[in-house]
Amino acid sequence: MKLAILLSLLLLACGRATVGRDPRISAYIENFETYSGVQFNGTVEIVKLNIDTHTIDGMCSLQRSRLTKELEVNSRTSRIQLDSDTYNKAIKAGDSLLLEQILMHEFLHCTKVKDHDPAMTQSKSNYLMPKSVMYPYSFGNTAAYKNNREYYFKELLK
Ligand SMILES: [Zn+2]
């Protein structure tokens with residue numbers, strides 16, 4: 001009985017990939033996990049993604065298995081990266097929703113292989129807003145995201 005308890009504790013401890021998580025952004029990922037019920041098994045890090053002209057805010061990398069050639073979705077090799085300049089600017093501006101939107105977008109790429117969706121839709125207040133958090137450009141700092149956060153969070157459940 002004691003052994004069984006010990007084993008289940010070890011399994012729990014091994015199941016969470018918290019080692020490769022930058023603590024500065026791990027809370028966002030934990031929110032998505034709690035909301036969606038999907039645990040992210042890969043790495044979450046803040047790195048410099050852009051050398052010259054700044055165009056990339058975040059990235060999800062999925063590797064292919066050498067053996068099966070299948071995409072390793074939400075595995076230990078899956079990697080969510082947030083650009084360090086974007087992170088620093090957002091922190092300076094106190095804009096946690098920009099980071100939230102970028103990370104939600106990358107979380108959905110990396111756990112559900114969601115593609116980009118450039119479509120726009122009409123909001124309840126009759127302005128145009130991205131139909132999906134998978135819009136190809138980050139928009140967490142816009143009224144569209146701020147006023148429709150619950151709508152975008154529901155994509156985590158699809
Ligand atoms: Zn993307």
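Quick note: the coordinates plus some simple rules give every number you see, no bench work behind them. From a predicted model like this one, the values you see are computed outputs, not experimental measurements. Using ideal geometry, Cβ is built from the backbone for each residue, glycine included, and neighbour counts are taken over all protein chains shown.
Going Cα to Cα from LYS158, which lysines come in below 19 Å? Please leave out same-chain ones fewer than 8 positions away.
Output for LYS158: LYS112, LYS114, LYS131.
Output the 0 to 90 degree angle, nearest 10, between the alpha-carbon long axis of helix 26-36 and the longest principal axis computed from the alpha carbons of the chain.
Between the helix axis and the principal axis of the chain, the angle is about 90 degrees.
Between ASP115 and SER61, with labels modelled 7 Å along Cα→Cβ, what's the label distance in nm to one decimal, could you check?
Simple spin-label model gives 2.4 nm for this pair.
Compute the Cα gyration tensor for the range 20-115, then decide on rounded, prolate or oblate, letting a ≥ b ≥ c be the square roots of its eigenvalues: rounded whenever a/c is under 1.5, prolate when a/b is larger than b/c in the other cases, and oblate in all that remain.
Note, shape of the range 20-115 comes out oblate.
Run the simple label-point estimate for SER96 and LEU128 please: 7 Å along Cα→C-beta, distance reported in nm.
3.2 nm
Using only the Cα atoms of the range 83-158, build the gyration tensor, take square roots of its eigenvalues as a ≥ b ≥ c, and label the shape rounded, prolate or oblate: rounded if a/c is under 1.5, else prolate if a/b is larger than b/c, else oblate.
Oblate is the answer for the range 83-158, as a/c is 1.5 or above yet b/c matches or exceeds a/b.
Could you pull out every residue, at least 5 positions away or on a different chain, whose amide H is within less than 5 Å of the one on THR43? Hs are placed 1.01 Å off N in the peptide plane, and Pro or chain starts have none.
Answer set, sorted by chain and number: SER78, ARG79, ILE80.
Please give the length that would be gained between GLU30 and ARG149 if that part of the chain were fully extended, namely 0.36 nm times their separation in residues minus their C-alpha to C-alpha distance (nm, one decimal).
Contour length minus Cα-Cα distance gives 41.2 nm.
Please compute the contact order of the range 14-157 in relative form: average sequence separation of alpha-carbon pairs under 8 Å and at least six residues apart, divided by the residue count, as a percent.
Computed value for the range 14-157: 21 percent relative contact order.
Can you sort CYS110, CYS60 by how many other beta carbons sit within 10 Å, fewest first?
CYS60, CYS110
How charged is the neighbourhood of LEU49? Take every other residue with its Cβ under 12 Å from the Cβ of LEU49, and add Lys/Arg as +1 and Asp/Glu as -1.
-4
Of the beta bridges DSSP finds with both residues in the chain, what % are antiparallel, to the nearest 5?
That works out to approximately 55 percent antiparallel.
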